[in-house]
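S.K.: I'd like to ask you about the structure that follows.
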Amino acid sequence: MIIAGARPNKRVKQLSSSTVTVTGWMDDVRSAYADSQIFVAPLWLGTGQQNKILEAMAMGIPCITSSSVNNAIGAKIGKDILVADNEKEFAQSINSLLNDNELYMGIRRNALTFVQNKYSWEQSVDMLCKIIENK
C-alpha cells in the first residue's frame, strides 16, 4: 500500500511498515499511480481532489472516492467509479475490486473511457469554442 500526500502528519507517518509506504511529497505522482491496482481517495475537504481522481482514471486505475468528490466529476457509480463515505464502505469497495475481476476490469475500462469522453483536451477545447462562438 502506498500513502501519497504532500505533508503526512505524524499519525500517518507512523503507519509506515513493510507493507505500507508513506511517501510524502512526490514530484511526479504518476509513478505511485502506475504501481497501484486501485486508487483509494477518502477525501472530503481540500483542493485538487477531482484532479487526483481524474489522473488515476486516465491511467485506467479503478478508483474509490467519497460522494462529495464524485459529485464534482460526475462519474457513474458502479460503472466508472466506486463511492464510499465511511471506513466500512471503503473496505467493502476495496474487497469487491480485489475479488471480482469482472468488476475490476469493467471499472478500469469505463474509467478511462469516462475521462477520455468528458475531460479530454479535445472535449474541453470544443466546449470553449462553443462558448466563444455564442458570444
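The values are calculated or read from the model by the stated rules, or taken from the named source; none is laboratory data. As the structure is a prediction and not an experimental result, all values here were calculated from the model. For neighbour counting, all protein chains shown are included, and Cβ atoms are generated from backbone atoms with ideal geometry for every residue, glycine included.
S.K.: Take the stretch 47-88 and flag every residue that is closer than 16 Å to Gln116 by Cα, assigned to a helix (DSSP H, G or I) and of a type in the set (Gly, Ala, Ser).
M.R.: Kept after step one, since they are closer than 16 Å to Gln116 by Cα, are these residues of the stretch 47-88: 50-63, 73-76, 79-81.
Imposing the further condition that a residue be assigned to a helix (DSSP H, G or I) reduces the set to 50-58, 73.
Correct list: Ala56, Ala58.
S.K.: Pick from Leu112, Leu98, Leu54: which is farther than 27 Å from Ala6 by Cβ, in contact (Cβ under 8 Å) with a residue 24 or more places away in the chain and either among the hydrophobic types (A, V, I, L, M, F, W, C) or in contact with a Leu (Cβ under 8 Å, 6 or more places away or on another chain) (or both)?
M.R.: Leu98
S.K.: Which of (1) surrounded by fewer than 19 Cβ atoms within 10 Å (Cβ to Cβ); (2) more than 12 Å from the chain's Cα centre (by Cα); (3) within 19 Å of Val115 (Cβ to Cβ) does Gly24 not meet, given it meets every other one?
M.R.: Every condition holds for Gly24 apart from (3).
S.K.: Related question: Do we have any residue at all in the stretch 65-79 that's under 16 Å from Ile3 (Cβ atoms), surrounded by 13 or more Cβ atoms within 10 Å (Cβ to Cβ) and in contact with a strand residue (DSSP E or B) (Cβ under 6 Å, 6 or more places away or on another chain)?
M.R.: The answer is yes, given that some residue of the stretch 65-79 is under 16 Å from Ile3 (Cβ atoms), surrounded by 13 or more Cβ atoms within 10 Å (Cβ to Cβ) and in contact with a strand residue (DSSP E or B) (Cβ under 6 Å, 6 or more places away or on another chain).
S.K.: Can you tell me which condition Ser124 does not meet? The list is (1) small (Gly, Ala, Ser); (2) at pLDDT 85 or above; (3) part of a helix (DSSP H, G or I), and all the others hold.
M.R.: (2)
S.K.: Then there's this: Output the residue which, of all residues in the stretch 85-124 that are under 18 Å from Leu54 (Cβ atoms) and among the aliphatic types (A, V, I, L, M), is surrounded by the fewest Cβ atoms within 10 Å (Cβ to Cβ).
M.R.: Once the filter is applied, the top-ranked residue is Leu112.
S.K.: Related question: Find all pairs meeting these conditions: Cβ atoms under 6 angstrom apart; at least six residues apart or on different chains; first residue within the stretch 118-134 and aromatic (Phe, Trp, Tyr); second residue assigned to a helix (DSSP H, G or I).
M.R.: Tyr119/Leu54
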